[in-house]
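Report on one structure; see the data block that follows.
Laboratory data are not the source of any read-out in this text; all were calculated from the coordinates shown. Since this is a predicted model, take the numbers as computed values, not measurements. No Cβ is skipped: glycine too gets one built from the backbone with ideal geometry, and neighbour counts run over all protein chains shown.
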């Protein structure tokens, strides 16, 4: 049985931990507001970029001069997985859920005989995947020193991906991240960015809509838009990740604070019972000694 001093030390330690988790919860709540606003602001731009690409790509789909970022290499033998996670932990299952989705996707591809390469954006994803896919990880991009995610960060990652594609290092690139829905729900998502996904364009009523003529032609426009689209989708994924991380951290720290409170109650009750037992024992010894005299 632990002594009273040990119980007091445990209570003091748990109280200090509770203060830390409460402070981290408040910090995450403050950052969540800005991160959620940034993620929600990026969604319309990313969605509209995809819609514009779909509409323009309808005219060049299947043509011999279609850009490689749209038509692909003609093969899907080598896949690049861009796994975006956080730089730090203490955010529940946020990092592990993204890594699990990427791991399952990689295992499925390997069973089909495909070659898998992994580009990790964020140290936690690298730590989770290197145990099983150490030889497949080609690079780790850390954003630890970045205070606020911007288009420059996404463009740097996009250029690396495009450079690898131009060198023929892979045929298909898939982006993994967590889409923010609420504080308690972040959805692990896999999105193909190369070749660009084309859904056939928006439904158009030719009798009432305006007919667009492109200058220069569609192929030239796509040559400029497709590389930009890669960076835009990566930026959207990074912003969604930041909001999801803060939401998951806020929820995790709230649970940790409440668990610490329960532990404090448990140890306090145990301390009081132990103290009372010691007092009762001392009283019995004093009474027994007095009766013996």
Neighbour-count ranking [beta-carbon atoms within 10 angstrom, fewest first] of 275, 270: 275, 270
Additional length obtainable on full extension of the chain from residue 112 to residue 23, 0.36 nm per residue less Cα span: 27.3 nm
Label-point gap, in nm, between residue 142 and residue 270 - each point 7 angstrom along Cα→Cβ: 3.8 nm
Nearest 10 degrees, 0 to 90: helix 4-57 Cα axis against the chain principal axis: 10 degrees
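Got a sec? How would 79, 105 order by Cβ neighbour count within 10 Å, fewest to most?
Going from sparsest to densest Cβ surroundings: 105, 79.
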Label-zone membership for segment 169-185, site residue 90, 7 angstrom Cα→C-beta point, backbone N under 18 Å: none
Sequence ranges 221-229, 174-182, 260-268, ranked by mean other-Cβ count within 10 angstrom, highest first: 174-182, 221-229, 260-268
Footprinting exposure proxy for 286, 138 (fewest neighbouring C-beta atoms within 10 Å first): 286, 138
0 to 90° range, to nearest 10: angle between helix 123-133 axis and the chain longest Cα axis: 80 degrees
Cα-based equivalent ellipsoid of segment 3-50: semi-axis lengths in Å, sorted from largest, via gyration tensor: 45, 9, 4
Estimated inter-spin distance, residue 197 and residue 73, nm [label 7 Å along Cα→Cβ]: 2.2 nm
